[in-house]
Amino acid sequence: MRESRIILGIGELLWDIVEASSPPSEADSTGTLGGAPTNFTVMAGRLGNRACILSRVGRDDLGRRAVGQLDTLPVDASLIQVDPAHQTGQVTVSFAANEPKYTIHQPAAWDFLELSDEWIKIADRADAICFGTLAQRDAASRQTIQTLVAQTSSSCVRVLDVNLRAPFYSSEILQESIELATMVKMNIEEISTVLGLLGLAAGEDPPLSLRNTDYLRTCSERLLEEFPALELVAITRGHHGSVLVKRDTWHEHPGFSIKVADTIGAGDAFTAAMVHYLLREAKLATINEAGNRWGSWVASQPGAMPDLPESVHNAISAAIERSA
C-alpha cells in the first residue's frame, strides 16, 4: 500500500499576533504563523504525507517570513501565490480562560486566491483536500476554493473544516461547501449554528452544557441524511474528546486530560491526524484516538506549529498503534 499521500490544505495563511496582555508564555509580538488550512497541512506533512499548502501571501516581509519558515517544515510551499497588491494576512489573538479570541483583519492576500494550472494539476492527483468557511469570505477566493475542490477525483477525501468566525460566514457558503465535502469537522459550539444555517434545526437547541453524545449523534445523522456525498461527521469537544459518526457506525472518545498552553491549531492537528489514518483505512476508533492524541499534544504546546522532537512523534504514534 502506498504510504505517502498527497494532501492539500487550501485557504488562509496568516500571522497570529498575540496580545501582550496574554500570559507571557503565549505572547509573541512578532507573531506566529498560522491559519487553519496551513496548520492542517503542516501536521499532515509531519505525519509522513506529501503535504502542499495552497494559499497566497503579500509581497512583504511577513510573506517572505512565512515562506521561509514553511521551507524548514515537511511541507511543500512552492505553490503559494504572491499578491502584488494586498498584504499577508494577520490576526490579533487574545485569550480568555485559555480559549483564543480572534480579530481577523481584512482584506488580506488570501482573500484573492487564483485558480492556476499548477493548482489544478495537483488537485487532480490529491488523495485529500481540506478547506474551510473562513477563506471563502471574499468572492474571489470562494470561487477558486469551490472550483478546485470540485476538480478533485471521486476518491479524494474532501474535508470541510467549519470555521465560524463572525461575520465571515453565511448559510449560502456553508450549504455550498458541505455539498462538496465527504467529511465535515466542527466543534461542539458550532453544531447548533450549523444546523440552524442549513435549516435543519428541530426545535430549540439545548445549551452547550446539555449537548450530550445522543444530541451530537442526532445532529450528525441529520447532516448525513441531508447531504448524500457526506460520509463522516466529526464533532470535537475540547479536552472532553470527540464524536465521529458515519451512516453505519459511530465512535466516542473521552479525550485526554492535559495542561493547556493554548488551543491554537489543536483542532487542525486533530483533523490532519484523522485524515492521515482515514486514508490508511484505519478503524473509526483508531482515527478518533489519533485525532485526540495529536490535538491534545498541540494544545499542550504554545503556538499552532510547535517543535516536534522525533522522540515525541514516535511515542504518540506508538500509543495510537497500541490502541488499534
Based on the mean of other beta carbon atoms within 10 Å per residue, what is the order of 135-148, 266-279, most packed first? 266-279, 135-148
Could you tell me which label, among (i) 18.3, 51; (ii) 21.2, 68; (iii) 20.4, 62, carries the value of Rg and Dmax of the Cα atoms in Å calculated for this structure? (i)
Whichever lysines have a C-alpha closer than 28 Å to that of residue 101, once near sequence neighbours (fewer than 8 apart) are set aside: 185, 259
Within the set 103, 182, 236, GNM on the chain using Cα springs under 10 Å gives the largest fluctuation to 103
If you restrict to DSSP beta bridges whose two residues both lie in the chain, what percentage is antiparallel, to the nearest 5? 35 percent
Treating cross-link reach as a plain straight distance, find the aspartates and glutamates whose alpha-carbon is under 18 Å from the alpha-carbon of residue 246, omitting any fewer than eight places away in the same chain. 161, 179, 214, 221, 225, 226, 231, 281, 289
Sketch the reach of a paramagnetic label on residue 19 as a point 7 Å from Cα along Cα-to-Cβ, and name the residues of the range 242-283 whose backbone nitrogen lies under 20 Å away. 261-265
Place a label point 7 angstrom from the Cα of residue 249 along the Cα-to-Cβ direction, then list the residues of the range 282-310 whose backbone nitrogen is under 19 Å away. 282-293
With label points set 7 Å from each Cα along the Cα-to-Cβ direction at residue 317 and residue 209, the distance between them in nm comes to 4.4 nm
Once you put a point 7 Å from the Cα of residue 218 and another 7 Å from the Cα of residue 106, both along the Cβ direction, what distance in nm separates them? 3.4 nm
Among 61, 83, 124, which one shows the biggest mean-square fluctuation in a GNM of the chain, springs joining Cα atoms closer than 10 Å? 61
What value, in deg cm²/dmol to 500, does the helix sum -39500 (n - 2.57) over DSSP H runs of n ≥ 4 give at 222 nm once divided by the residues of the chain? -11000 deg cm²/dmol
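Computed from the coordinates by the stated procedures, all read-outs in this text should not be read as laboratory data. Please read all numbers here as calculations on a predicted model, not as lab measurements. Glycine gets a Cβ as well: all are built from the backbone with ideal geometry, and neighbour counts include every protein chain shown.
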